[in-house]
Amino acid sequence: MSYDVIVIGSGPGGYAAAIRSAQLGLRTAVVERAELGGTCLNWGCIPTKALLKSAEVFRYASHAAEYGVTVAEGALTADLPAMVSRSRAVAEQMSKGIDFLLKKNQVEVLVGTGVLTDVPHTVDVTAEDGTTTRYEAKHIILATGARPREFPFIPVDGERVITSREALMLTRLPTSMVVIGSGAIGAEFATFFSSLGTKVTIVEYAPTLAPLEDEEISKLLERAFRKAKITVMTATEVKNVTSTEAGCRVTVAGKKGEQELEADVVLSAVGVSANIEHIGLEQAGVRTERGKVVVDEHYRTSAEGVYAIGDIIPTAALAHVATAEAVHCAEFIAGRNPQPVNYNVIPSCIYTTPEVSSVGLTEAQAVERGYTVRVGKFPYTASGKATAAGNRDGMVKLVFDAETDTLLGAHLFGLNVTEMVAELALGMTLGTKAADIIRTIHPHPTMSEGVMEAAAAAHNEAIHL
């Protein structure tokens, strides 16, 4: 059978590429060996947010009296199996939604494992029963995503030493946990389990938590973690992890020298590895470097008619980045002239408590690149909405080019900041200046007022500071 486009993988990049290709009149199929929606919808972004929402409800219920709400006498219980069950139901609902969208756009789903062949423009799809069918396509888009990275000194066994996938399915709340890595995955799971009462220690090799974020924001996150009784160990290297029937021992080396940590469970959250093995890259002539597929600005690989997007190429491994690449790739294949993806304006979100979000350059990066910067900050302690919500821990920090007044970067910490960063990403895309933000009327009372006030602070015009 022949198609205009075959997409291998149905995650946020894959299903977006398939749907957009079909919308543009191309006969399209998507190959998927597991659940539609890929890791993000089934084992990443969506189920983790469902768990974090459950933890938030538990946290609010635990502090109900602070809001003038009396909870009936009796112990408040965190029912982990029920939380996990809800998160799985949310993931299943979203996966069904992708199935609906694919059918609506007349994208055919080929169930099985897709592999490129040594015959150009062909894909072999092997079903679960072992039968293989060969399909032809003018264009093939690789969107096979990534999996949790593993290191030999952190031997994952799926029970005592786990990855994010197993963390999503735990049925017993650990008494204690060591989380290795403080990127989005590690920080979010540290928040979740700590909120439910697990004694959490988070170990980070870099000098600060969430090391890709602005240093000032990272320090605020560390302070919040310590306030939540999460033990924070930065500038600390994990040397070895061993597990027994009783628990785990983690040998680390840091500021206090070498020491051993003990915990019920160790969560390895040390990044992801691209799924580029066993998909026929070598026999199809697709070039790779450092574990990633090499592509041009339109996501073409070294093999004619083969494209690659998402976590398997050397761009940020984020679902929204994969989606943007997918749309560009599909439109290019369809003969359109799409604008290149602007990798200078990629929002980042970490759904901790409080949340972290950012876009553009950090203050340090801007200075390193030769900018003279003007920085404006607005603390949540001055926010009426944050005070009313009982969450005054936070800050909006904006970095401007002092010469042109143009927004270079935005860094936010606090309640709802993951919902606020899109305004700043749009502003950067449009070349917004501080004066533009200041003169844009923001509704009161909202957390988003902090954006306007931070811009005003950069000009010494802030009213509420």
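The values are calculated or read from the model by the stated rules, or taken from the named source; none is laboratory data. Here the structure is a predicted model, which means the values were calculated and not measured. Counting neighbours? That spans all protein chains shown, and the Cβs are built from the backbone with ideal geometry, glycine included. When the accessible area is computed, the model is the full protein with side chains, heavy atoms only, and any ligands, DNA or RNA have been set aside. Shrake-Rupley method; radii C 1.70, N 1.55, O 1.52, S 1.80 Å.
Just reorder Val375, Val396 by solvent-accessible area, largest first, 1.4 Å probe, all chains present.
Output order, biggest surface exposure first: Val375, Val396.
Rounded to the nearest 5, what % of the DSSP beta bridges within the chain are antiparallel ones?
Details: 51 of 82 bridges.
Here the share of antiparallel DSSP bridges comes out near 60 percent.
Which of the aspartates and glutamates could be linked to Lys433 by a straight reach, that is with a Cα gap under 14 Å, when you skip same-chain ones fewer than 8 residues away?
Asp401, Glu403, Asp405, Glu423, Glu453
In Å², what does the accessible area per residue of the range 1-112 work out to with a 1.4 Å probe?
Values: 5540 Å² over 112 residues.
Heavy-atom accessible area per residue stands at 49 Å².
Distance check, please: which entries in Lys255/Lys397; Lys49/Lys104; Lys96/Lys377 exceed 32 angstrom between their Cα atoms?
Long pairs (Cα-Cα over 32 Å): Lys96/Lys377.
On a straight-distance basis, which lysines could pair with Lys103 in a cross-link, Cα separation under 23 angstrom, same-chain partners fewer than 8 positions away excluded?
Reachable lysines: Lys138.
Give me the distance between the Cα centres of the range 320-397 and the range 17-58, rounded to whole Å.
The range 320-397 and the range 17-58 have Cα centres separated by 22 Å.
Hey, which lysines would be in cross-link range of Lys199, C-alpha to C-alpha under 18 Å, not counting anything within fewer than 8 residues on its own chain?
Candidates past the 8-residue exclusion: Lys227, Lys229.
Could you sort Glu128, Glu449, Glu461, Glu56 by accessible area so the largest value comes first, with the probe set to 1.4 Å?
Details: Glu128 190, Glu449 25, Glu461 75, Glu56 45 Å².
Ranked from most to least accessible, the order is Glu128, Glu461, Glu56, Glu449.
Note down, for the range 160-201, the three equivalent ellipsoid semi-axes (square root of 5 times each alpha carbon gyration tensor eigenvalue), biggest first, whole angstrom.
Ellipsoid half-lengths, sorted descending, are 14, 12, 9 Å.
Express in Å², to the nearest 10, the accessible area of Ile185 obtained by rolling a 1.4 Å probe over the protein heavy atoms while all chains stay in place.
Surface open to solvent at Ile185 totals about 70 Å².
From the phi angles alone, apply the Karplus equation (6.51, -1.76, 1.60; θ = phi - 60°) to the range 303-311 and give each ³J(HN,Hα) in whole Hz, x where the residue is Gly or Pro.
After applying 6.51 cos²θ - 1.76 cosθ + 1.60, I find 9, 4, x, 10, 10, 9, 9, x, 5 Hz.
How high is the relative contact order of the range 1-155? Use alpha-carbon pairs under 8 Å, at least six apart in sequence, and give a whole percent.
Taking the mean separation of contacting Cα pairs over the length of the range 1-155, I get 36 percent.
Express the carbon and sulfur contribution to the solvent-accessible surface of the chain as a percent, rounded to the nearest whole number, probe 1.4 angstrom.
C and S fraction of accessible area: 52 percent.
If you build the Cα gyration tensor of the range 265-402 and take the root of 5 times each eigenvalue, what three semi-axes come out, in whole angstrom, biggest first?
37, 20, 15
Could you tell me the relative contact order of the range 196-353? Use alpha-carbon pairs under 8 Å, at least six residues apart, and round to a whole percent. Numbers along the way, then the final one.
Values: 194 pairs, mean separation 17.7, N = 158.
Across the range 196-353, relative contact order equals 11 percent.
Among Phe400, Gly112, Asn240, whose Cα sits farthest toward the positive end of the charge dipole of the chain (+1 at Cβ of Lys/Arg, -1 at Cβ of Asp/Glu, about the Cα centre)?
Phe400
If I ignore ligands, DNA and RNA and count only protein heavy atoms, how much of Arg336 is accessible to a 1.4 Å probe, in Å² to the nearest 10?
Spelled out: Arg336, probe radius 1.4 Å, area about 130 Å².
When only the heavy atoms of the protein chains count and the probe is 1.4 Å, how do Tyr299, Tyr351, Tyr15 rank by accessible area, highest first?
Tyr351, Tyr15, Tyr299
Got a number for the accessible area of Phe332? Probe 1.4 Å, square angstrom, nearest 10.
The accessible area of Phe332 comes to roughly 50 Å².
Charges at C-beta only: +1 for Lys and Arg, -1 for Asp and Glu. How large is the resulting dipole of the range 123-215 about its Cα centre, in Debye rounded to 20?
Using only the charged Cβ atoms, the result is roughly 180 debye.
Suppose every K and R has +1 on its Cβ and every D and E has -1 on its Cβ; what is the size of the dipole of the chain about the Cα centre, in Debye to the nearest 20?
With only Lys, Arg, Asp and Glu charged at Cβ, the dipole is about 580 debye.
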